[in-house]
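The values are calculated or read from the model by the stated rules, or taken from the named source; none is laboratory data. Keep in mind that this is a model prediction, so the values were computed, not measured. Glycine also receives a Cβ, built like all others from the backbone with ideal geometry; neighbour counts cover every protein chain displayed.
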Amino acid sequence: MYHKTIPYRIFSIINNVCLTILSVLCLLPLYHLLMVSLSSSAPANAGLVTFWPIDFTLEAYAKTFNNVNFLTSLWVSVQRTILGTALALIVNTVAAYALSKETRVFRARNVYLWYFVVTMLFSGGLIPGYILILKLGLMNSLMALILPGLVAVFNIILLLNFFRTVPKDLEEAAFIDGAGHFKTFVKIYLPVSLPVIATISLFLMVGHWNAYFDGIIYIRDADKLPLATFMQTIIVQADMSKLDPAAVANLSQRTIRASQIFISALPILLVYPFLQRFFVTGIVVGAVKE
Amino acid sequence: MEANMEVNSIQQASLESQPGKKRKKGFNQPWILHLMVLPAAIMVFIFSYIPMSGILMAFQDYKPALGFFDSEWVGLKHFRYMWENDYFLQITWNTLFFACSKIVLNLIIPFIFALLLNEVRRMGLKRTIQTLVYLPHFLSWVTLSGILIDILAQTGIVNQFLTSVFGIKPIFFLGDGNWFRFTIIASDVWKEFGFNTIIFLAALSGINPSLYEAAEVDGAGRWKQTIYLTIPALIPIAIVIATLALGNVLNANFDQIFNLYSPLIYQQGDIIDTFVYREGLLSGQFSFATAVNLFKSVISLVLIVVSYRLAYRFAGYRIF
């Protein structure tokens, strides 16, 4: 029994300690930011805050939540995430169900699959996409942020690979009971595919919540900007001021910026722990195949 | 339980009474399968296939006022300009440099990390470590840039730490070209190494435990088990990841660079995607930017097709 030998025990202790430190290192920057946001602005600007708030205050959060622009952006992002995730989940799972059938059952399957996969390999790129949105009159609307990315071929493949692992007997039983494809999908496939659906929901939610670039190019009005785009403009502006070492004057905003960054990351921090336990099953069954 | 049994008996009954007919009806409804694919197919047509035709713009001098049909055709002018442009060669080199460094490190580090994590025997600790290291993957580059800009500033916590411990002058992480490259690669590895271990952990859990028992009986210690058993078991999946990464050598992560770079370090930090954005949308050179994008897409397409073939040949990998 190797794990009872002394060298292995020593290794094991060192290993556990190192990996713990490494994993804490993944959280540390975010934690530091939280502490900055909870400190009063004088010590924060002086760079005195490290891992404990100095002169604890919620002032930065109060100011952030009094900022109308921040709140409208937050609302746009919430709408976008809920609507975008729900729509994508419906369209992609339904398509993946049909594509998970064998050619024997669904003759056109391979044609459709290649039709989708081609878009994974080749795209028109930034400019033609931009002109399309312009021509469709979607500019400056929520739909410009949701529709272009609605079909994610990678997710469809993940889903269909999972659906194919569902025992055939289940669906045959359903068919014999007189259920059609749609009923079988809703009553049999969806319930047994919870891990992969949870994983994909998380991917979709995170994707929508974090997306900023489409907001930059498609949204003109400040009250329609999603939060990530709003944050991006703040950060870039701050970046510009920091590049000039002489003009570090704008630093008085540091605690507020920290609070905004933290709030914008908060939904992910809240949803992630509940869904992450599905990852290994969800992703792996989709990715590693016999 | 009771309900289940009831369902079973109903199945049994219908099996006996109607052997072929009902079964066939269930299978022979392809129209509904077509209907199920239809929404996705329409969306893909509008938002992926229609823009593909816009690629023809690369061979025009596209003027928004004239539109697609009346703009002048100029053949390969934009491609020739691209190749004679020293700056374009520079950004292609930057793109390759960033992408290759990230691909190599994002393979090696998760590999080692997965091996070490596999040695953690306390399940609670293992799960906590996993939860923490996956997390940065889900934070956006906007959020992370905000954090990085803050902690890497000359008065930021990292420089304070370096100054007080090593007594060196503050480093201009995001404003100095060479340090910028280092920061980009290091922060990308920091963000993704945890998430990239998932696939290795899955491969590890798939190793038959009786192999370890056999090795133990033969007198192999943990080190020998790792060298002769664990690592060989991970090599195939590592090969798949490495070959599939080949298709990405022209993608150096737009989001990350776009949110961290600045005019000061364009020379060392600019990549093809950021260049297309600035030239195309900001400067309005639609045709030139499309030509650059087309160049990139074609090279990527070839690499992806080659890499999938290699992955299939050497590791039997198929995406569906």
Contact list, first residue from segment A:250-277 and within 30 Å of residue B:123 (Cβ to Cβ) and at the interface with chain B (Cβ under 7 Å from one of its Cβ atoms), second anywhere and at pLDDT 85 or above and not in a helix (DSSP H, G or I), beta-carbon distance below 9 Å, six or more apart or interchain, is A:265/B:139; A:265/B:140; A:268/B:139; A:268/B:140
Of A:149, A:215, the only residue that is touching a residue at least 40 places away in the same chain (Cβ under 8 Å) and either more than 11 Å from chain B (Cβ to nearest Cβ) or part of a helix (DSSP H, G or I) (or both) is A:215
For residue A:127, work out the one condition from (1) under 24 Å from residue B:318 (Cα atoms); (2) at pLDDT below 90 it doesn't fulfil. (1)
Among the residues of segment B:131-182, how many are touching a residue at least 24 places away in the same chain (Cβ under 8 Å), farther than 30 Å from residue A:277 by Cα and in contact with a Pro (Cβ under 9 Å, 6 or more places away or on another chain)? 1
Condition first: facing chain B (nearest Cβ under 10 Å) and assigned to a helix (DSSP H, G or I). Can you find one or more residues in segment A:188-203 that meet it? yes
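Okay, residues lined up against (1) of a type in the set (A, V, I, L, M); (2) at pLDDT 90 or above:
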site: B:74; (1), (2): yes, no
site: B:83; (1), (2): no, no
site: B:107; (1), (2): yes, yes
site: B:161; (1), (2): no, no
Being at pLDDT below 85 and not aromatic (Phe, Trp, Tyr): is that true of residue B:283 here? yes
Can you confirm whether segment A:136-145 contains a residue that is among the aliphatic types (A, V, I, L, M), away from every other protein chain (no Cβ under 11 Å) and in contact with an Asp or Glu (Cβ under 8 Å, 6 or more places away or on another chain)? yes
Please specify each residue of segment A:81-90 satisfying the condition of being buried (at least 23 other Cβ atoms within 10 Å of the Cβ) and within 9 Å of chain B (Cβ to nearest Cβ). none
Checklist (1) surrounded by fewer than 17 Cβ atoms within 10 Å (Cβ to Cβ); (2) within 20 Å of the chain's Cα centre (by Cα) applied to residue A:110, failing item: (2)
Flagged pairs (Cβ under 7 angstrom, 6 or more apart or on separate chains; first in segment B:258-271, within 12 Å of chain A (Cβ to nearest Cβ); second aromatic (Phe, Trp, Tyr) and surrounded by 17 or more Cβ atoms within 10 Å (Cβ to Cβ)) are B:259/B:141; B:265/B:180
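Which ones in segment B:55-114 are of a type in the set (Gly, Ala, Ser) and under 29 Å from residue A:134 (Cα atoms)?
Step one: filter segment B:55-114 for residues of a type in the set (Gly, Ala, Ser), giving B:58, B:65, B:67, B:71, B:75, B:99, B:101, B:114.
Within segment B:55-114, B:58, B:65, B:67, B:71, B:75 meet the criteria.
Going residue by residue through segment A:111-120, is there one that turns out to be at pLDDT 85 or above, in a loop (DSSP other than H, G, I, E, B) and in contact with a Leu (Cβ under 8 Å, 6 or more places away or on another chain)?
No: zero hits.
Do we have any residue at all in segment B:82-89 that's in contact with a helix residue (DSSP H, G or I) (Cβ under 7 Å, 6 or more places away or on another chain), buried (at least 21 other Cβ atoms within 10 Å of the Cβ) and at negative phi? Reasoning before the result, please.
Our first condition is that a residue be in contact with a helix residue (DSSP H, G or I) (Cβ under 7 Å, 6 or more places away or on another chain); within segment B:82-89, this holds for B:82, B:88.
With the extra rule that they be buried (at least 21 other Cβ atoms within 10 Å of the Cβ), the set shrinks to none.
No - not one qualifying residue is present in segment B:82-89.
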What are the pairs, 6+ residues apart or on separate chains, where a residue within segment A:177-192 that is surrounded by 16 or more Cβ atoms within 10 Å (Cβ to Cβ) has its Cβ under 6 Å from a residue that is outside any helix (DSSP H, G or I) and of a type outside the set (A, V, I, L, M, F, W, C)? A:181/B:29
Residue within segment A:62-75 that is over 19 Å from residue B:139 (Cα atoms), assigned to a loop (DSSP other than H, G, I, E, B) and of a type in the set (A, V, I, L, M) present: no
For residues that are crowded, with 19+ Cβ neighbours inside 10 Å and of a type in the set (A, V, I, L, M, F, W, C), tally how many sit in segment B:104-131. 6
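Look through segment B:171-220, keep the residues that are among the small types (Gly, Ala, Ser) and under 30 Å from residue B:160 (Cβ atoms), and return whichever of them is surrounded by the most Cβ atoms within 10 Å (Cβ to Cβ). Even if it seems obvious, please write down each step before you answer.
Keep residues of segment B:171-220 that are among the small types (Gly, Ala, Ser), which gives B:175, B:177, B:186-187, B:194, B:202-203, B:205-206, B:210, B:214-215, B:219-220.
Now restrict to residues that are under 30 Å from residue B:160 (Cβ atoms): B:175, B:177, B:186-187, B:194.
On the way: B:175: 19, B:177: 14, B:186: 13, B:187: 21, B:194: 24.
In this case the residue turns out to be B:194.
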For segment B:271-297, how many residues are under 16 Å from residue B:83 (Cα atoms) and not in a helix (DSSP H, G or I)? 1
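Does residue A:158 count as in a helix (DSSP H, G or I), under 30 Å from residue B:56 (Cβ atoms) and in contact with a helix residue (DSSP H, G or I) (Cβ under 7 Å, 6 or more places away or on another chain)? Lay out the reasoning, then the answer.
On the way: in a helix (DSSP H, G or I): yes; under 30 Å from residue B:56 (Cβ atoms): no; in contact with a helix residue (DSSP H, G or I) (Cβ under 7 Å, 6 or more places away or on another chain): yes.
In short, no.
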Restricting to segment B:109-148, and then to whatever is within 17 Å of the chain's Cα centre (by Cα) and assigned to a loop (DSSP other than H, G, I, E, B), can you tell me which residue is nearest to the other protein chains (Cβ to nearest Cβ)? B:140
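Among the residues of segment A:45-59, is there at least one that is among the hydrophobic types (A, V, I, L, M, F, W, C), in a helix (DSSP H, G or I) and either under 23 Å from residue B:152 (Cα atoms) or out of contact with any helix residue (DSSP H, G or I) (no Cβ under 6 Å at 6 or more places or on another chain) (or both)?
Filtering segment A:45-59 for residues among the hydrophobic types (A, V, I, L, M, F, W, C) gives A:46, A:48-49, A:51-52, A:54, A:56, A:58.
Of the ones still in play, those that are also in a helix (DSSP H, G or I) are none.
No; the residues of segment A:45-59 include none that is among the hydrophobic types (A, V, I, L, M, F, W, C), in a helix (DSSP H, G or I) and either under 23 Å from residue B:152 (Cα atoms) or out of contact with any helix residue (DSSP H, G or I) (no Cβ under 6 Å at 6 or more places or on another chain) (or both).
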Which of the numbered conditions does residue A:123 fail, given that it passes all the others? Conditions: (1) within 10 Å of chain B (Cβ to nearest Cβ); (2) in a helix (DSSP H, G or I); (3) within 25 Å of the chain's Cα centre (by Cα). (2)
